Each structure stands twice: as structure tokens, then as C-alpha cells.
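One structure is given here, and the rest of the page talks about it.
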Amino acid sequence: MRIILIMLMLLPLGGFAQLIQNHTDMTAGLKDNDPGTYRVLRTEDAWKRTLSDEQFYILRRAGTERPFTGKYVDEDRPGIYFSAATGQPLFIADAKFQSSCGWPSFFEPITPESVYYRTDNTHGMIRTEVVDSSSGSHLGHVFNDGPPPTGLRYCMNSAALIFVPLGEHVPDLVREYMEKLASNEERQAIAGKVNLNK
């Protein structure tokens, strides 16, 4: 009787060990490089005042929009995608591809320095989280099942992005970032592609 009782008590631990063993590794082979220091610093209250509820949930709480609901899933015009948190340039439309995963997907960022990577162990998976390098705001995740030339799929939330079609005026948030905070590489990456004038 005692042996049966001990076995019953240990059964949940065995199930837990099996759960840990089955933790799905979906990392893209990119090393964590987020230093935790950013050019754009705001309190969480300031972020709440600046962002919509959905943007705050995604960008600052690492949330995810439901698949196939984002406004940029089927966007196919040429242009630039910027961070909805800071206005930082993140992706060029030429790097966007149809992945059928339910979120806008890109095979590379506009510059290697535009994003940082973090290991994400939530939801029973090990994934590589992608954040903008200007504020550490959550954008989505990157996976190693993308097309050439990189083999990567940057799976981003539409609400974390601002799309500006080729040749069109940028919103004030983007203009301010480009005037005050942009690196030379970021300026070169968008030069002649969008209108930075008021």
C-alpha cells in the first residue's frame, strides 16, 4: 500500500519532468544581444499615455495579436516599417514575404543594429524574441524557417509597426526619431525612400 501511495505522489513529478523535457526549442540560432539600455527611455505610465491599449499590450507587455488580424499581414506596397513605439526604422518592404503564419514576416531587419534578441521561455516553447533596439519594445519573434538569403522569418505584430509607403510623408514620431536619434546606417537605409519633410 505504501509503495502505491509513493508512486502516486511521484507521478506528477514525472509528468512535470516530461513537460520540461518536451519544451519545444524554436530558437533561430541568434544569440541574446539586448544590453538592457536604450536611447528612448519612458516610464510605463508615459508609454500608456503614448500608445493605444493594443500597442501597449504588445510593445510593452510582450503580447501577441491574434493571427490574420493585423493590418499589415497582407500589405504588399513598397515602403518602410517603423517601430510604433519610437519611430525607429525596422524593416524594408522588399524583405517582406508571404509566410501564411498570420503575422507580417520579413527575412531581415533594415539594418543589423535595428533589433535586439532575447531568449523567450514562455508558453512551453523556447523562442527568440525580437525587440526594437531604441526602446526594448517587443515586436515579435524570429524563426529559422524563412526564405533565402537569410533563412530567417521575423514574425512581427502589426500593432508594433508603422508602415509608410514609398515616397509618402512620415508621421511626427518617425520624423522626430530620424532627426534626433537615428544612426548614420538608419539614415542611409531610408534615404530617398520616404518623405521626412513636414
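The values are calculated or read from the model by the stated rules, or taken from the named source; none is laboratory data. Just so you know, these numbers come straight off a predicted model, no measurement behind them. Cβ atoms come from the backbone with ideal geometry, glycine included; neighbour counts cover every protein chain shown.
Observations on the model:
- For region 44-60, taking the residues that are basic (Lys, Arg) and either free of Cβ contacts under 8 Å to residues at least 24 places away in the same chain or not in a helix (DSSP H, G or I) (or both), the one that is nearest to residue 135 (Cα to Cα) is identified as 48.
- Hey, residue 102 over 21 Å from residue 165 (Cβ atoms) and assigned to a strand (DSSP E or B) or not: no
- Qualifying residue in region 150-160 (condition: surrounded by fewer than 20 Cβ atoms within 10 Å (Cβ to Cβ) and either under 21 Å from residue 65 (Cβ atoms) or of a type in the set (Ser, Thr, Tyr) (or both)): yes
- Flag for residue 97 being in contact (Cβ under 8 Å) with a residue 24 or more places away in the chain and within 25 Å of residue 167 (Cβ to Cβ): yes
- Lone qualifier among 159, 182, 189 - being in contact with a helix residue (DSSP H, G or I) (Cβ under 7 Å, 6 or more places away or on another chain) and under 28 Å from residue 36 (Cα atoms): 159
- The single condition among (1) modelled with pLDDT under 95; (2) part of a loop (DSSP other than H, G, I, E, B) that residue 147 does not satisfy is (1).
- Members of region 64-122 found to be buried (at least 16 other Cβ atoms within 10 Å of the Cβ), β-branched (Val, Ile, Thr) and either farther than 26 Å from residue 50 by Cα or out of contact with any Gly (no Cβ under 9 Å at 6 or more places or on another chain) (or both), listed by number: 80, 86, 110, 111, 115
- Failed item, numbered, when residue 187 is tested on (1) crowded, with 19+ Cβ neighbours inside 10 Å; (2) in a helix (DSSP H, G or I); (3) among the basic types (Lys, Arg): (1)
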